[in-house]
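Input: a single structure, listed below in structure tokens.
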Amino acid sequence: MPNLSIEFNPDETLFAELVLPIPVDKLFTYRVPALLNSKIRAGQRAIVQFGSKKILTGIIFNIHNQPPKEYEAKYILELLDEDEIFFTKQFSLYQWIAQYYMCSLGEVVNAALPSGLKLSSESMAQLNPAFNEDSSVFDFSEKEKIIIQRLKHESLTYSTIVKIAGAKTIYNLLKSLTLKGAIILYEQVKEKYKPKIEKRIRIASHYTTKESLESLFEKLSKKPKHESLILKYLQHVPVFSDPLLNEKGITKSRLIDEDTTDAIVRTMVKNNILEEFEINVPRFGFDDAVLDTPVLLSEKQEKARNAIAKNFEDKNTVLFQGVTGSGKTEIYIDLIRRALDGGNQVLYLLPEIALTTQIVLRLKKIFGSTMGVYHSKFSDNERVEVWNGVLNGKFKFVTGVRSSVFLPFDNLGLIIVDEEHDSSYKQHDPAPRYHARNVALMMAYQHQAKVILGSATPSAESFYQASIGKFGLVKLTERFGSALLPEIFFADLSSERKNKTNKGEFTKNLLTQIDETIKKKQQVILFQNRRGYSPLVQCQDCGWIPQCINCAVSLTYHQFRHALICHYCGYREELPRQCPECSSKRILTLGYGTEKLEEELKLHFPDAKIQRMDLDTTRTKSGYENIIHDFERGDTDILVGTQMVTKGLDFNNVSLVGVFDADRLMHFPDFRSYERAFQLITQVSGRAGRRENKGRVIIQTANPKHELFRYIIEHNTDQFLNDQLHDRKINFYPPFSRLIEIWIKHSDKNIVRQAAEKMAELLCEKLKGVRILGPSEPMVSKIRNEFLLHLLLKIPRDRGQLTEIKSILTLHAHSLISIKEFRSVKIVFDVDPV
């Protein structure tokens, strides 16, 4: 834990332990310059030199007066903050994440700190102080002379030198000047974050009284355009009613129109009638007035809200199991208001950026500028503003995705984890491989806050904790208002293919239902959890299938880009016109993704307005927002999407949902495959019929009598989860055990095999009572030119030796890579894999 309370003598030699954003599990000690003794404290950022050339942003973890014994400490170069930007509770949380998820504290800090708060370096050139142009024995070209003349007055960035030289590349020019001793090249360290600056106009302060304005109008009586501009300003900024409004002013664009030109504004600035100034403005348009109208809860919603509050009297965590469309969000809003009114901070976690788009618009109308939004589609500067907003108290309430758990909260009272079952809460690569739901529980413990885990389809782990009484449990079993749960039907793919009644990837039943829905001016959502046009391309004569050159996986065809793309490493190549093996031109696409469904829909329904929502169509910041807004306004008839369309979206006019490839969802080789299939199908089904019209769901499957569908059609979540828990207990899977997955990676397949077998041998000797499965090949056994093998550890929950087991794993991993032939092997630990 960092020590924030110790005071040192200003003349004392101090040392600071820093967390550096690197994957090394240790703190680094630096000497504090005497001038900084009175300013430095834990939680600040500092610039330090790491190695001979690197400049890094470190976080001061601790301050003491003991020099390191192993090496001579370098000096801290500069402090970046006057006050701490990390709190003690944050450090404590980051340490827990590093320990629990088996990574370094530096990796946690690197993930936590927005890029805009880290430093970048810009390459600069300056004139060599020892250089004398007159006595130099070298000849200089005209371009070199121009550069030297400019450098006599100031240092120059590379980009500036490019402009001066008028060349695309200046490498040879700089190399020549360096060899001739004329210049020195260096890296200038700077912060990435830049506040948003806006130029504004206001009336000069000596014209803000009633008397002075009257005299101004007399002065401008013969200049009607100037007089009109002042009147227009006063309409926007009523100076008399609130003189302070003039300090903020307005943008010039709000004054300029057909009658008022930029030249008139400049003239009035020159004549000291108007003032032009710059102001820092937030990057979020959340300055709307907050609506004080209370959220009206139905009788059942109010009962659920009261039950949550009652559970909080003796439990810190409540599982809120409400069916899709039951109005959980309204209950969240009511509870958020109560927490804020009590002076607490609130964190509202969502699994997907797509989900934040719609919910943020609702929350914005209620909480206005007190709410911050935090997710990866925001720019570095925007994320820094949210970080600083939480730090300085501007944002008491934040809604965001999993990385929001790293924000500098110091007084959390309530955490809501919406759609708590969602696997998007788990970070896979790079480290830390944390699960935001579990981190949220630890945050709540540290802040003595309350947690609501909300879902229509809870995870088996959370449901189990509620069933044994560790979590409170509140249920909402009916939809809001008069809405009913949708009816679920099955389209038998086997039967239709046998009778040849299907058309492409669509059964006759589904096409008929889509046609009827569109004719009623209602909307359709189609769910296929596979993007791209086709997952497989094959030569019909020799069987050739294009493979990724870096990964052990076939390439997916994307028609829009006319390319074959690897979804693991991004490698791409053009679709060949003929087979490279046998020169045949009979190359066909097999299977289907969202792109192909979109194409077929346009053939079946040429007059319908169709949109697709997947990773390819939502790469931009506004991608999700535009698609969702079009669908909400009714500008889209059919929305085709991957699991993005399953998550919490609320549309008034959707009466039909179609589910494709349900069999593939169920039969994925993972102990959670049934649970995930149940959750995805139930969640996407819940998008239908959320208002007066009862919704219909059609699931295309080759096996409509499968046992999983019985739970779905009966909306029997509890029985499904109880049966899953029964199976997991027999097979010793979570929540009855803890899992740690160990990944062994190397570019040589034989070395991977030898290293994995050696690791398994070492662990089997040391970990008695722990079940060790493997080593075995994963489904994709090579990614980015690295071969993979993995071990799976099943650890009993009742042994209380998890920390000791992790220490043994870390020790043997270090022992393994200390062996000469295994030095370049990578070993990755994934705690609680999903």
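The values are calculated or read from the model by the stated rules, or taken from the named source; none is laboratory data. All values reported here derive from a predicted model rather than from experimental measurement. Every residue, glycine as well, gets a Cβ built from its backbone with ideal geometry; the counts of neighbours run over all protein chains shown. For the accessible areas, the whole protein counts, side chains as well, though only heavy atoms, and no ligand, DNA or RNA atoms are used. Shrake-Rupley method; radii C 1.70, N 1.55, O 1.52, S 1.80 Å.
So the values come out like this:
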{"read-out": "Identity of the residue in the stretch 520-543, without any contact (Cβ under 8 Å) to a residue 60 or more places away in the chain and in contact with a strand residue (DSSP E or B) (Cβ under 7 Å, 6 or more places away or on another chain), that ends up nearest to Arg676 (Cα to Cα)", "value": "Pro535"}
{"read-out": "Residue count for the stretch 283-320, restricted to those that are at pLDDT below 85 and surrounded by fewer than 17 Cβ atoms within 10 Å (Cβ to Cβ)", "value": "11"}
{"read-out": "Among (1) of a type outside the set (S, T, N, Q); (2) in contact with a Leu (Cβ under 7 Å, 6 or more places away or on another chain); (3) open to solvent by 10 Å² or more (accessible area, probe 1.4 Å); (4) outside any helix (DSSP H, G or I) - the single one Gly634 does not satisfy", "value": "(2)"}
{"read-out": "Strands (runs of 3 or more DSSP E) (entirely within the stretch 352-441) containing at least 1 residues that are within 13 Å of the chain's Cα centre (by Cα)", "value": "371-374, 397-400"}
{"read-out": "Close pairs from the stretch 409-421: first within 20 Å of Gln358 (Cα to Cα) and open to solvent by less than 10 Å² (accessible area, probe 1.4 Å), partner in a loop (DSSP other than H, G, I, E, B) and at pLDDT 95 or above, Cβ under 7 Å, at least 6 apart", "value": "Ile415/Ala449; Glu420/Pro458; Glu420/Ser459"}
{"read-out": "Residue in the stretch 713-728 that is assigned to a helix (DSSP H, G or I), in contact with a strand residue (DSSP E or B) (Cβ under 6 Å, 6 or more places away or on another chain), of a type in the set (Val, Ile, Thr) and under 30 Å from Asn653 (Cα atoms) present", "value": "yes"}
{"read-out": "Boolean, Arg437 is farther than 13 Å from Gln321 by Cβ and in contact with a strand residue (DSSP E or B) (Cβ under 8 Å, 6 or more places away or on another chain)", "value": "yes"}
{"read-out": "Exclusive hit being of a type outside the set (A, V, I, L, M), free of Cβ contacts under 8 Å to residues at least 40 places away in the same chain, more than 15 Å from Thr209 (Cα to Cα) and surrounded by fewer than 16 Cβ atoms within 10 Å (Cβ to Cβ), set Thr261, Thr251", "value": "Thr261"}
{"read-out": "Tyr445 vs. criteria among the aromatic types (Phe, Trp, Tyr), under 24 Å from Trp96 (Cα atoms) and surrounded by 23 or more Cβ atoms within 10 Å (Cβ to Cβ)", "value": "no"}
{"read-out": "Residues (part of a helix (DSSP H, G or I), open to solvent by less than 50 Å² (accessible area, probe 1.4 Å) and out of contact with any Ser or Thr (no Cβ under 6 Å at 6 or more places or on another chain)) located in the stretch 669-703", "value": "Ser673, Glu675, Ala677, Phe678, Ile681, Ser685"}
{"read-out": "Every pair of residues 6+ apart whose Cβ atoms lie under 8 Å, when the first sits in the stretch 484-504 and is closer than 24 Å to Ile712 by Cα while the second is open to solvent by 50 Å² or more (accessible area, probe 1.4 Å) and at pLDDT below 85", "value": "Leu484/Lys694; Pro486/Lys694; Glu487/Lys694"}
{"read-out": "All positions within the stretch 736-760 that are farther than 30 Å from Asn550 by Cβ and either out of contact with any Pro (no Cβ under 7 Å at 6 or more places or on another chain) or among the acidic types (Asp, Glu) (or both)", "value": "Phe736, Arg738"}
{"read-out": "Any hit, the stretch 554-573, residues being under 24 Å from Asp637 (Cα atoms) and open to solvent by 40 Å² or more (accessible area, probe 1.4 Å)", "value": "yes"}
{"read-out": "Residue ID - nearest to the chain's Cα centre (by Cα), chosen from residues in the stretch 526-543 that are at pLDDT 90 or above and open to solvent by 40 Å² or more (accessible area, probe 1.4 Å)", "value": "Gln538"}
{"read-out": "Cβ-Cβ under 7 Å pairs, at least 6 apart or on other chains, the stretch 758-770 side under 18 Å from Phe732 (Cα atoms), far side in a helix (DSSP H, G or I) and modelled with pLDDT under 90", "value": "Gly769/Arg799"}
{"read-out": "Where a residue in the stretch 32-47 is closer than 12 Å to Gly58 by Cβ and in contact (Cβ under 8 Å) with a residue 60 or more places away in the chain and its partner, wherever it lies, is surrounded by 20 or more Cβ atoms within 10 Å (Cβ to Cβ) and among the small types (Gly, Ala, Ser), with Cβ under 9 Å and at least six apart", "value": "Arg45/Gly58; Ile47/Gly58"}
{"read-out": "Within the stretch 222-273, helices (runs of 4 or more DSSP H) holding 2 or more residues that are under 43 Å from the mean Cα position of the chain (by Cα)", "value": "224-236, 245-248"}
{"read-out": "Sole exception among (1) small (Gly, Ala, Ser); (2) closer than 30 Å to Gly43 by Cβ; (3) open to solvent by 60 Å² or more (accessible area, probe 1.4 Å) for Ser135, by number", "value": "(2)"}
{"read-out": "Selected residue (criterion: most open to solvent (accessible area, probe 1.4 Å)) from residues of the stretch 49-76 that are among the β-branched types (Val, Ile, Thr) and outside any loop (DSSP other than H, G, I, E, B)", "value": "Ile55"}
{"read-out": "Any chance Ile76 is touching a strand residue (DSSP E or B) at 6+ places or on another chain (Cβ under 7 Å), closer than 21 Å to Val108 by Cβ and not basic (Lys, Arg)", "value": "no"}
{"read-out": "Residue in the stretch 185-198 that is touching a strand residue (DSSP E or B) at 6+ places or on another chain (Cβ under 9 Å) and at pLDDT 85 or above present", "value": "no"}
{"read-out": "Any hit, the stretch 579-595, residues being under 24 Å from the mean Cα position of the chain (by Cα), modelled with pLDDT of 90 or more and not in a loop (DSSP other than H, G, I, E, B)", "value": "yes"}
{"read-out": "Only listed residue being closer than 30 Å to Val360 by Cβ, touching a residue at least 40 places away in the same chain (Cβ under 8 Å) and small (Gly, Ala, Ser), chosen from Ala552, Ala608", "value": "Ala608"}
{"read-out": "The stretch 637-668 - residue that is among the charged types (D, E, K, R) and assigned to a helix (DSSP H, G or I) and, of those, least open to solvent (accessible area, probe 1.4 Å)", "value": "Asp663"}
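Yes/no per residue for (1) out of contact with any helix residue (DSSP H, G or I) (no Cβ under 7 Å at 6 or more places or on another chain); (2) more than 30 Å from Val318 (Cβ to Cβ); (3) of a type outside the set (S, T, N, Q):
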{"position": "Gly469", "(1), (2), (3)": "yes, no, yes"}
{"position": "Ala483", "(1), (2), (3)": "yes, no, yes"}
{"position": "Glu487", "(1), (2), (3)": "yes, yes, yes"}
{"position": "Thr517", "(1), (2), (3)": "yes, yes, no"}
{"position": "Gln522", "(1), (2), (3)": "yes, yes, no"}
{"position": "Pro546", "(1), (2), (3)": "yes, yes, yes"}
